[in-house]
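See structure below.
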């Protein structure tokens, strides 16, 4: 019996693909096999995921010629050098353009593998098997791939859609609590952006979602993942290359990427930095006259309930350092930092016309030396 509980499609013409959400999907051979067109398969994973799930995935691929690349774990390894190690393995194994790459891991593995797939022989197929909450609800969907540069996050990359996304929520059973909380930042992002009812549901059920021990909790988790993926799938379907509405998905990210860059990748997990960034966006929206103090407190409350930070904390960083790091973000146009701000909770907009004085006040409030 199939363990797929929900399926949705990202509608992109001849680049359309399904997202499967359920439990024990790493035992469902047919779910994976039907999206592989050639015989050559390269599974890319990391040192953390390899002992947990690699054998399960290899068991699904008994009918194929399989090679494996095991990457070091961590955001600091999201580099061109790491991508080159995948190219080396593909070339040494004489993989051709019919090959399929499988990304087995979190957002870093998915971004690196997707970029390798986009680049190898000018593009080969790849499949996402995300194993963290953050990658399941966000980074595995939409085809944004890439690596970091010393001067900025995700500055080198390509749009390359997967053939399928297979979300097995059982992989979250081995996810550390901190990593799960980091993923909740992206779940909360979707609620804050356009679905205030979803936000209310999260506020009511967040403890059960985080617990995930009972079947009803798993159903809440599957529902939350589905709602996030459905929202992103709809946005990607109308704006694949982030020229319009998809930019709203960067809520908290310009602040967050600046924090990651200024403090060094890995000081905060990506979701943690985004959480701080969303709270900063709420604070700036309040100064811009859009949110009330109660709205800002509500943002802080849901982030805190999810176990996420709302301040930069003990780390020494000046407002100038953070501003300069934000200026390196790829969303900067003609020197202007574009930010996603709130008109009200559940409705956001993209702006570069905010008050510089208000931005400086928020940066000063969050930073210290």
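Quick note: the coordinates plus some simple rules give every number you see, no bench work behind them. Everything numeric in this text was worked out from a predicted model, so none of it was measured. For neighbour counting, all protein chains shown are included, and Cβ atoms are generated from backbone atoms with ideal geometry for every residue, glycine included.
Can you check how the C-alpha radius of gyration of the range 15-95 compares to 2.2 N^0.38 Å, as a plain ratio? Please report the intermediate quantities before stating the final value.
Working: Rg = 13.9 Å, N = 81, 2.2 N^0.38 = 11.7 Å.
Relative to the 2.2 N^0.38 Å estimate, the range 15-95 comes out at 1.19.
Using r as the Cβ-Cβ distance of residue 295 and residue 80, and R0 as 30 Å, what FRET efficiency do you calculate, to the nearest 0.05?
E between residue 295 and residue 80, to the nearest 0.05, is 0.10.
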Only counting other Cβ atoms within 10 Å, I'd like 231, 65 sorted with the fewest neighbours first. 65, 231
Extension gain from residue 47 to residue 355, taking 0.36 nm per residue of separation minus the Cα-Cα distance: 106.3 nm
Mean residue ellipticity at 222 nm from the helices of the chain, using -39,500 (n - 2.57) per DSSP H segment of n ≥ 4 over the full residue count, to the nearest 500 deg cm²/dmol? -13500 deg cm²/dmol
Just for the chain, what percent of DSSP beta bridges are antiparallel, to the closest 5? 45
Can you give the Rg and Dmax of the range 233-365 based on its C-alpha atoms, in angstrom? 14.2, 41
Compute the acute angle (0 to 90°) between the alpha-carbon long axis of helix 270-287 and the principal axis of greatest extent of the alpha-carbon atoms of the chain; round to the nearest 10°. 30
Kirkwood estimate for the chain, i.e. one over the average of 1/r between Cα atoms, Å: 20.8
Listed with the fewest Cβ neighbours within 10 Å leading, 112, 4 appear as 4, 112
For the range 172-236, Rg(Cα) over 2.2 N^0.38 Å is 1.07
Using only Cα positions of the range 216-300, each an equal point scatterer, no hydration layer, compute I(q)/I(0) via Debye at q = 0.10 Å⁻¹ and quote the log10 values to two decimals. -0.35
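Based only on other Cβ atoms within 10 Å, what is the fewest-to-most ordering of 218, 58?
58, 218
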Arrange the peptides 195-205, 350-360, 16-26 so that the one whose residues have, on average, the most other Cβ atoms within 10 Å appears first. 16-26, 195-205, 350-360
Compute a Gaussian network model of the chain, connecting alpha carbons closer than 10 Å, and tell me which residue from 254, 100, 47 fluctuates the most. 47
Longest principal axis of the chain (C-alpha) makes with the long axis of helix 80-92 (C-alpha) an angle, in degrees to the nearest 10, of 10
Show me the three semi-axes of the equivalent ellipsoid for the range 110-191, from the C-alpha gyration tensor (sqrt of 5 times each eigenvalue), largest first, rounded to whole Å. 23, 16, 11
Pairwise Cα inverse-distance average, inverted: Kirkwood Rh of the range 4-175 (Å): 15.7
Once both axes come from the Cα atoms, what is the angle between helix 293-305 and the longest principal axis of the chain, in degrees from 0 to 90, rounded to 10? 40
So if R0 is 41 Å, what FRET efficiency would residue 92 and residue 174 give, r being the distance between their Cβ atoms, rounded to the nearest 0.05? 0.85
Calculated SAXS-style log₁₀ I(q)/I(0) at q = 0.17, 0.25 Å⁻¹ - the range 250-320, Debye, Cα scatterers: -0.59, -1.14
Stretchable slack from residue 217 to residue 121, in nm (0.36 nm times residue separation minus alpha-carbon distance): 30.2 nm
